[in-house]
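One structure is given here, and the rest of the page talks about it.
What follows is calculated from the coordinates using simple rules that are stated; it is not laboratory data. Since the structure is predicted, the reported quantities are computational estimates derived from the model, not experimental observations. Cβ atoms come from the backbone with ideal geometry, glycine included; neighbour counts cover every protein chain shown.
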Amino acid sequence: MVLVQIAVAGVNFMDIGVRQGMAWNEMPNPKILGVEGAGRVLAVGKGVDGFDIGQRVAWVYAPGSYAEKIAIPATSLVPIPDGIDDKTAASVMMQGLTASHFATDFYSIQPGDIALVHAAAGGLGLLLTQIIKLRGGQ
């Protein structure tokens, strides 16, 4: 586990579902919402390699990401490159992984493919459109 000081939490549609009682029903109230964010490593647990105190990291699906600090499995963390700010890193994790899965795992976009993306103006749709274009689709 890695202890992280949260700088920014991503806000997702999933958080609304939790508030409305559509998810995390097995967790007692009060719940700390949020599943993605960005911050700095405060402490690293035994056997954890690849992360250093003070390092900037981002994550997806770590329940409780609206807190000030969070203990996260190291396998859920990714380092944030210097050229990416915390707000961008925190906001792209869930939508970015979903868009990547849509364009590579569910159907692997090939050069020349034509893809219809409903609601391409939202976070997921915008990223999906960019990945489709990067892979040679239209």
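Summary of values
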quantity	calculated
Loop chymotrypsin sites (Phe, Trp or Tyr not before Pro), segment 95-130, which have at most 16 other Cβ atoms in a 10 Å radius of their Cβ (DSSP)	107
Length-normalised contact order for the chain - Cα pairs under 8 Å, 6+ apart - percent	24
Dipole in debye (nearest 20) - the chain, about Cα centre, beta carbon charges: Lys, Arg +1; Asp, Glu -1	120
Per-residue HN-Hα couplings for segment 88-97 [Karplus 6.51, -1.76, 1.60; θ = phi - 60°; Hz; x = Gly/Pro]	5, 4, 5, 8, 9, 4, 5, 5, x, 5
Mean residue ellipticity (222 nm) of the chain, computed from DSSP H runs ≥ 4 via -39,500 (n - 2.57), nearest 500	-8000 deg cm²/dmol
In segment 1-98, GluC sites (Glu not before Pro) in a DSSP loop with at most 16 other beta-carbon atoms within 10 Å	26, 68
Candidates per trypsin sites (Lys or Arg not before Pro) in segment 43-138, loop by DSSP, up to 10 other Cβ within 10 Å	46
